[in-house]
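The values are calculated or read from the model by the stated rules, or taken from the named source; none is laboratory data. Computed from a prediction, not measured in an experiment: that's the story for all the values here. Positions of Cβ are backbone-derived with ideal geometry, glycine not excepted, and every protein chain shown enters the neighbour counts. Heads up: the accessible areas ignore ligands, DNA and RNA and are worked out on the full protein's heavy atoms, side chains in. Shrake-Rupley method; radii C 1.70, N 1.55, O 1.52, S 1.80 Å.
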Amino acid sequence: MPRITSPQAKATFVVLGCVAAVVAAVFGALALSVTGGLVLYCAVLGAVIVFGARVFRGEDEDAMAPRPLWRMTAKPAAGFVLAGFFALQAVSTGVSAANADAYAPLYVVAIAFSLAVAAAYLNSSLRLRRG
């Protein structure tokens, strides 16, 4: 499997992945329902995150060696930043949920998704920092 090592290619992958997730969400909401949009968004964004964690490599990593399943980033700092980003996303979604009674269960799913991704990045960074 090809590896993504350059910062420009990583940034392009992330931006295109986020655009694909938003397009999937809009398509799902219009073609199916709001629930369908959220499910498609989580599925596409989850796939982008998992695929990126498998193919991104840092300059100190062997590009051809398989990466352990728990490892999400090349260095702990990147994982801590991403964990913080997804935790803030969960908090932001929770604040929005306070005013959206009709879609409260969907907000719970979105919050759980963001917290799960944050936990994966945090776990990765803690394990990388240990050794």
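Details
- Of the residues making up segment 7-35, those that are in contact with a helix residue (DSSP H, G or I) (Cβ under 9 Å, 6 or more places away or on another chain) and within 27 Å of Glu59 (Cα to Cα) are Lys10, Phe13, Val14, Leu16, Gly17, Cys18.
- Looking only at residues in segment 1-24 that are more than 21 Å from Pro66 (Cα to Cα) and either not in a helix (DSSP H, G or I) or not aliphatic (A, V, I, L, M) (or both), the one that is farthest from the chain's Cα centre (by Cα) is Gln8.
- Only one of Thr93, Thr5, Thr12 that is in contact with a Gly (Cβ under 9 Å, 6 or more places away or on another chain) and of a type in the set (S, T, N, Q): Thr5
- Selection count where residues are part of a helix (DSSP H, G or I), of a type outside the set (Val, Ile, Thr) and closer than 15 Å to Arg3 by Cα, scope segment 25-71: 4
- Here Leu38 meets each of (1) without any contact (Cβ under 8 Å) to a residue 12 or more places away in the chain; (2) open to solvent by 30 Å² or more (accessible area, probe 1.4 Å); (3) within 18 Å of Phe113 (Cβ to Cβ) with one exception, condition (1).
- Output for segment 74-95, where each listed residue is among the small types (Gly, Ala, Ser) and open to solvent by less than 60 Å² (accessible area, probe 1.4 Å): Ala74, Ala78, Gly79, Ala83, Gly84, Ala87, Ala90, Gly94
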